[in-house]
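Remarks on the structure that follows.
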Amino acid sequence: EAGVAQSPRYKIIEKRQSVAFWCNPISGHATLYWYQQILGQGPKLLIQFQNNGVVDDSQLPKDRFSAERLKGVDSTLKIQPAKLEDSAVYLCASSLDPRGNSPLHFGNGTRLTVT
Amino acid sequence: GIQVEQSPPDLILQEGANSTLRCNFSDSVNNLQWFHQNPWGQLINLFYIPSGTKQNGRLSATTVATERYSLLYISSSQTTDSGVYFCAVGTSGSRLTFGEGTQLTVNP
């Protein structure tokens, strides 16, 4: 089966600019996640969707970050305006079980550099 | 929230050696997963193991949920095993919390 697809692979922007990331989960997976991974740290959950609905966005900086999952499939994560500290790898993941109690599968990530 | 502690933080092995990585967590969980992040940054799911023991080739994992720890065993290590190993834990329906990882280097 095809894995989790993400694009772009790399992105370099200046601070205060906006950027968007796209994710297509594994077919049939109900739960979709966006994680932020700063160099040298473990991934940190930004937002979790179950089908179309948001399950957990408690760690999403809502003043600048937004995410949506249209029709319960693809998802986009947007940052506007970007700050230097947003430089990180943004990882999308999906799992089959609606409550997340099944293996998590990650995409290859988008490496964002904010200058 | 749940605290996750992984040990050791760094591990250097010679090819062919065995190793044990540990994950301690602060609260009851019913979701525990081990991941390998290779040097190119790709995160691969190794085990979904909220309890019990599983084996996959040279890798095996054991979770003792009542004592709040999990172990990942790597036998006959190979250079391709190098990378960072993460443990992630959570309760049903809640977010998975990742540890800080164990950086493994396997030398030829």
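The values are calculated or read from the model by the stated rules, or taken from the named source; none is laboratory data. Note that this is a predicted model, so its numbers are computed, not measured. Note: ideal-geometry Cβ built from the backbone for every residue, glycine included; neighbour counts use all protein chains shown.
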Inset, instruction - Go through (1) within 14 Å of the chain's Cα centre (by Cα); (2) surrounded by 13 or more Cβ atoms within 10 Å (Cβ to Cβ); (3) closer than 17 Å to A:LEU39 by Cα and name the single condition B:TRP34 misses. - result: (3)
Legend entry - Only one of B:THR80, B:THR62, B:THR66 that is closer than 27 Å to A:VAL89 by Cβ and either more than 9 Å from every other protein chain (Cβ to nearest Cβ) or modelled with pLDDT of 95 or more (or both): B:THR80
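Here is a yes/no grid of residues against (1) in contact with a strand residue (DSSP E or B) (Cβ under 9 Å, 6 or more places away or on another chain); (2) among the hydrophobic types (A, V, I, L, M, F, W, C); (3) outside any strand (DSSP E or B); (4) more than 19 Å from B:ARG95 (Cβ to Cβ):
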{"residue": "A:GLN17", "(1), (2), (3), (4)": "yes, no, yes, yes"}
{"residue": "A:CYS23", "(1), (2), (3), (4)": "yes, yes, no, no"}
{"residue": "A:HIS29", "(1), (2), (3), (4)": "yes, no, yes, no"}
{"residue": "A:GLN36", "(1), (2), (3), (4)": "yes, no, no, no"}
{"residue": "A:SER58", "(1), (2), (3), (4)": "yes, no, yes, no"}
{"residue": "A:LYS62", "(1), (2), (3), (4)": "no, no, yes, no"}
{"residue": "A:PRO81", "(1), (2), (3), (4)": "no, no, yes, yes"}
{"residue": "A:GLU85", "(1), (2), (3), (4)": "yes, no, yes, yes"}
{"residue": "A:TYR90", "(1), (2), (3), (4)": "yes, no, no, no"}
Inset, instruction - Among the residues of the stretch A:37-94, count how many are of a type in the set (A, V, I, L, M, F, W, C), within 10 Å of the chain's Cα centre (by Cα) and within 14 Å of chain B (Cβ to nearest Cβ). - result: 7
Legend entry - Output for the stretch B:39-74, where each listed residue is surrounded by 15 or more Cβ atoms within 10 Å (Cβ to Cβ) and small (Gly, Ala, Ser): B:GLY41, B:SER60, B:ALA61, B:ALA65, B:SER70
